[in-house]
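The values are calculated or read from the model by the stated rules, or taken from the named source; none is laboratory data. Everything numeric in this text was worked out from a predicted model, so none of it was measured. We place every Cβ from the backbone using ideal geometry, glycine too, and count neighbours over all the protein chains shown. Heavy atoms of the whole protein, side chains included, go into the accessibility calculation; ligands, DNA and RNA do not. Shrake-Rupley method; radii C 1.70, N 1.55, O 1.52, S 1.80 Å.
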Amino acid sequence: MSPTAFRTPAGMTRRHFNMHLAGSAAMASTAFSFGNAIAANAEELRKNRKSAILLWMGGGPSTIDLWDLKPGAPTGGPFRPIGTTGNAQISEHLPMLAQQMHHLSVVRSMSTREADHNRGRYYMHTGFVPNPSIEHPSYGSVIAHELFAQRPELQIPPFVSVGGAGAGPGFLGMAWAPFSVTSNGRIRNLDMKIDDKRLMQRVAALELIENNFVKQTRPGAAGLGSPAAEHQKVLRKTLDLMTSDQMQAFKVEQEPTEVKERYGTTGFGQGCLLARRLVEAGVPFVEVDLGGWDNHSDIFNTLSNRKLPEMDRAMSALVEDLAQRELLQDTAIIWMGEFGRTPRINQDAGRDHWARSWSIVAGGGGLRGGLAIGETSSDGTEVLSEPYSSEDLMATVCKGLGISLDTTYTSKNGRPMKIAGGGKVIQELLA
Amino acid sequence: MRVFLLLTFVAVCWAGVIQAAQPTMPPQVEQINASIEQQWRDYEIKPAPDAPVAVWCRRVYLDVIGRIPTLQELNEFLQDRAPGNRQRLVEKLLEDERYAEEYAGHWATVWANILIGRSGGQDNNSLTNRDGMMKYLRDAFASNQPYDRMVYELVTAEGATKPGVAGFNGAVNFLIDKVNEEDAVLATSSTSRIFLGLQVQCTQCHNHPFNQWKQQRFWDFNAFFRQTRALRRFVPGTNDIDHAELVNEDFAGQANDARDALIFYELRNGLVKAAYPVFIDDTAIGVSGYLSEVNRRQELGRLIVNSPYLDKMMVNRMWAHFLGYGFTKPVDDLGPHNTASHPDLLEYLATEVRKNSHDVKDLIRWITLSKPYQLSARHTGTNEIDDPSIGEPPKFSHFYLRQMTAEQLYQSLVTASGATAAGSYERQEQQRRQWLQQFVVAFGTDEGDEATTFNGSIPQALMLFNGELTTQAISNRDGGFLKRVVLEQKTPRDRVTHLFLTGLARRPSRDELSVASKLLTARGGDEIAMLQDLWWAIINSNEFIMQH
């Protein structure tokens, strides 16, 4: 425990205090230990810092109706393709995005095997199929973990999930879990309502009780990785966040009305705007969720009247805004869901789950825009060019962000795990 | 069971005269111990020592009735030092009138989350009535309805979702949101997974390489649900849905011949095949879609309750509830590809629950009194390898630390410090539900998948730091918990000890007492302010929020 908490010099800031406590406590994580040494280089680092935004389309979007249209094919559906500022033609219901497609590329040759929501979500978020004996870290946790070192000044969580649950940190530990917020950026329970000094004294007492408990359940070992030890790391991050001015980044309501309207006053619209603010504040990984793509029935009305207008407005605004602010070259954008939908229309005018041939969209952050990569057959049922996987996409994104593909983690049971699951880079997509 | 009660009764009578007599240990406990201990020997593992009695008491309260004990309850247990005290505590929680409501409420909550998820019935598009589901489950657990009977009712129920309306049958809430969309695919996968431990969701579209279930099986099982519909009932004169009704109707089949009501499904290569109701063990029932000839769900209910998978699933789920891990991981996957950690024990217990008429409380007795449930969470060195969190099959050689559920935490905080004002049951339930909702995140699929942020991450930490529940718990208002502690206990040290015993079921250590006195100085001698700080620290600690 830290006896210093009881003799705090007046005027000591919470942040300072916090760092101090972290240094003195036995469980200081590496993230904290290089604090000040790097601070001098903060400006230098800021110039090169990379981020990624994942636009997660929960439910499995019908990419055959968005990015890889098959007009005239018996199961192509009613939508027409339109030209864009890039090479790819896309759905007529994405007119605003069509004006931004020189920044984004469509990969039309995704071919995966998981067509169940839970399995697909896990696989597309981690590059691994679910395995009861190990929990793999999600891409968000991995990228946050790798890019965190570029941001010694970051006091808010490095992985924020907006409007959804994100995907878990697996064996990296709860300190790398997504921080879930609603799309309006409002965070519950932020205000402690007592002064800093008293807060720190409470924390000192808490720390003592915690340490005693860890020691008691695991004498000898430091108890690293145990649920009890993980809890301590999370407390540390929570304190950081509670006391940080950077929390302003979440106040999306402070944006001018015309900006909010440009993104659309929808959950996804405000979520994308929040993502931009978080990236500006230095958050390395943001996931924004838009659900409702599980269109087993009445798919074309749902898409053209609801899903696509909301997505078109928000996503185009995000890309345009990032480009204007000269952030896009350092911010990778990935648009995907857990799988695509059947190149066949069912009796309820819907499409079902389909993983064998589908599309994702990516750009920014070291990736090339304006391309249509890969090809499917005339009815959309087969990939004709080289098929790509979740791992391949992740490897490409990592490469674009300057993360070494030789990075290897060791899971808790000693198994080495290559970043991006050993995927191969999609060369065309790399700038 | 009745004999057992009688014995307890005798024991209670005797207790007045001499001393509490030791009730008989159910023979199943010995079998569990033998099987678990055999594996320890095989792996040369030395198990952790037994948990301190107070910690064990806290553990049992949390698992059996869903909250930590009050200090009074804890002391009551600590004072009973006669042999058989642990058994008497389990009996008390299971059979004493005082706990009947909490017992039923806790298990209803656990099962509602299994059956309809944490978000079921929480939004406007849902036909599920959460109150109706809870009411059914509370009644079932209050009367200790045999598990097989409960499953039969959930699978076959007809009637209205909402309490108070004509034809109310709360059990329908399990299926009400799972039959209308996509040809009852969700009813198929949920029913087989929850009650039989068979994960079939992938086989809906294709034969799965790791799963013995083939696509045909999925649609055969699905065919049992095709007479069933969920109907919306509106508020008279409006378009607002008042409630829903689960009904059975004649099913014409997809070839439009009710005498031979088959369904079609499509293979991945585009070929179309037919399916009829056939159970997982190949038992076929009549092909007619006429209800007067065949009630498909009732047939399914009968087949399920006769299946050995029902027994295994009951055992595996209950075991995992108490020990933190089941014999398989995930707990609801008993497929042949997923080997159990203790196959013989699982088999044995499955046989026993059937012989014992699927008595839920008896199964709780067997597990809570068994050796592995007595152990502390300590690592001894030789049991270091027993770590299921890294994928090792569990050996149950120490208690696996786990976080309380959000529901347990809520109930515990309320009990520990009377954090919320009393009110009617409905009002309390509403408050509780509102509080719980903040942790639920939906995934946006038609299957209603969800996750919880009550997982040890930052939102949970913020809630415990600053949330309303904590604010109320540490309030210094008159009549509040801390004021009462001050009134009831004589010295500051007694008061600090009272907080540690209430929250953590142990006395403070020397350094903890010393931090308390530093806090007292820091607060300028204001004792209630010091107790606020300390109580805050206790309820935020890992030791409080973990089941250990």
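Quick look at the values:
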item: Shielding of B:501-508 by partner chains, average beta-carbon count, 10 Å; result: 1
item: Protection-proxy order for peptides B:228-240, B:532-544, A:81-93, B:389-401, each taking the mean of Cβ atoms within 10 Å per residue, highest first; result: B:532-544, B:389-401, A:81-93, B:228-240
item: Using distinct alpha-carbon pairs, which all enter the 1/r mean, Kirkwood radius of chain B in Å; result: 25.6
item: Cα long-axis angle, helix B:147-156 against chain B (0 to 90 degrees, to the nearest 10); result: 40
item: Fraction of beta bridges assigned by DSSP in the protein assembly as shown that are antiparallel (%, nearest 5); result: 60
item: For the stretch B:34-43, 3J(HN,Hα) per residue [Karplus equation, 6.51 cos²θ - 1.76 cosθ + 1.60, θ = phi - 60°, Hz, x = Gly/Pro]; result: 4, 5, 5, 5, 4, 5, 4, 5, 4, 9
item: Extreme residue, positive dipole direction of chain B, given options B:GLY270, B:PRO330, B:ALA54 (C-beta unit charges); result: B:ALA54
item: Share of carbon and sulfur in the accessible heavy-atom surface of the stretch A:99-234 [1.4 Å probe, %]; result: 51
item: Highest average packing first - A:335-342, B:497-504, Cβ atoms within 10 Å; result: A:335-342, B:497-504
item: Using alpha-carbon coordinates, inclination of helix B:343-355 to the longest axis of chain B, degrees; result: 80
item: Rounded to 10°, Cα long-axis angle of helix B:97-116 versus longest principal axis of chain B; result: 50
item: Test item: Cα-centred dipole of the stretch B:321-444, Lys/Arg +1 and Asp/Glu -1 on Cβ, debye; result: 380
item: Convex hull per residue volume in Å³, alpha carbons only, for the stretch A:226-372; result: 167
item: Pairwise burial A:B, computed as accessible area of each alone minus the pair, summed, 1.4 Å, Å²; result: 5800
item: Solvent-accessible heavy-atom area per residue, rounded to whole Å², over chain A at 1.4 Å; result: 36
item: Set of lysines with alpha-carbon distance to A:LYS237 below 23 Å, sequence-local pairs under 8 removed; result: A:LYS50, A:LYS193, A:LYS197, A:LYS215, A:LYS251, A:LYS412
item: ³J(HN,Hα) computed for each position of the stretch A:289-304 - Karplus, 6.51 cos²θ - 1.76 cosθ + 1.60, integer Hz, glycine/proline x; result: 9, 10, x, x, 9, 8, 8, 6, 9, 6, 5, 6, 5, 4, 5, 6
item: Surface share of carbon and sulfur [accessible, 1.4 angstrom probe, percent] for chain B; result: 51
item: Rounded to 5, percent antiparallel among DSSP beta bridges of chain A; result: 45
item: Solvent-free Debye scattering, log10 I(q)/I(0), computed from the Cα coordinates of the stretch B:107-306 at q = 0.07 Å⁻¹; result: -0.21
item: Net +/- balance of residues flanking A:VAL383 in space, Cβ distance below 13 Å, scoring K and R +1, D and E -1; result: -3
item: Sorted peptide list for B:377-386, B:475-484, A:201-210, criterion being average Cβ within 10 angstrom, highest first; result: A:201-210, B:377-386, B:475-484
item: For the stretch A:348-431: span of alpha carbons on each principal axis (Å, largest first); result: 47, 33, 21
item: The stretch B:385-407 and the stretch B:494-548: distance between their alpha carbon centers, rounded to Å; result: 28
item: Neighbouring partner chain Cβ atoms per residue of A:190-199, average, 10 Å criterion; result: 3
item: Percent breakdown of C-alpha pair distances by 10 Å bin, ordered from the shortest bin, for the stretch B:362-503; result: 9, 25, 28, 28, 9, 1
item: nm² value of the averaged projected area, convex hull over the Cα atoms of the stretch A:159-206; result: 4.7
item: Residues with amide H under 5 Å from that of B:THR228, placed H, sequence gap 5 or more; result: B:GLU249
item: Within-14-Å neighbourhood charge of B:ILE45 [Cβ basis; K, R +1; D, E -1]; result: -2
item: Size of electric dipole in the protein assembly as shown: Cβ of Lys, Arg +1 and of Asp, Glu -1, about Cα centre, debye, nearest 20; result: 2400
item: Span per principal axis, largest first, for the Cα atoms of the stretch A:77-231 (Å); result: 65, 41, 29
item: Estimated [θ] at 222 nm from DSSP helical runs (n ≥ 4, -39500 (n - 2.57)) normalised by residues in the protein assembly as shown, nearest 500; result: -13000 deg cm²/dmol
item: Highest-MSF residue in chain A out of A:ASN295, A:ASN413, A:ASN305 [GNM, Cα springs under 10 Å]; result: A:ASN413
item: Built amide H within the under 5 Å cut-off of A:HIS353, gap 5+; result: A:THR342
item: Exercise: per-residue mean of other protein chain Cβ atoms within 10 Å, A:207-215; result: 6
item: Å² of accessible area per residue within the stretch B:107-306, as computed with a 1.4 Å probe and no ligands counted; result: 40
item: Alpha-carbon gyration tensor eigenvalues x 5, square-rooted, for the protein assembly as shown, Å; result: 45, 40, 25
item: Placed amide H near A:PHE285: partners under 5 Å, 5+ positions off or other chain; result: A:ALA52, A:VAL160
item: The stretch B:406-547 - accessible surface per residue (Å², probe 1.4 Å); result: 38
item: Cα centroid of the stretch A:87-141 to Cα centroid of the stretch B:94-121, whole Å; result: 39
item: Charge tally in the Cβ shell below 12 Å around B:SER541, where Lys, Arg are +1 and Asp, Glu are -1, B:SER541 excluded; result: -2
item: Kyte-Doolittle mean at least -0.5, axial Cα span of 20 Å or more - DSSP H helices of chain A; result: A:196-217, A:227-242, A:267-281, A:308-324
item: Cα Rg over Rh - chain A, Kirkwood; result: 1.00
item: Charge dipole (debye, nearest 20) of the stretch A:242-381; +1 at Cβ of Lys and Arg, -1 at Cβ of Asp and Glu; result: 180
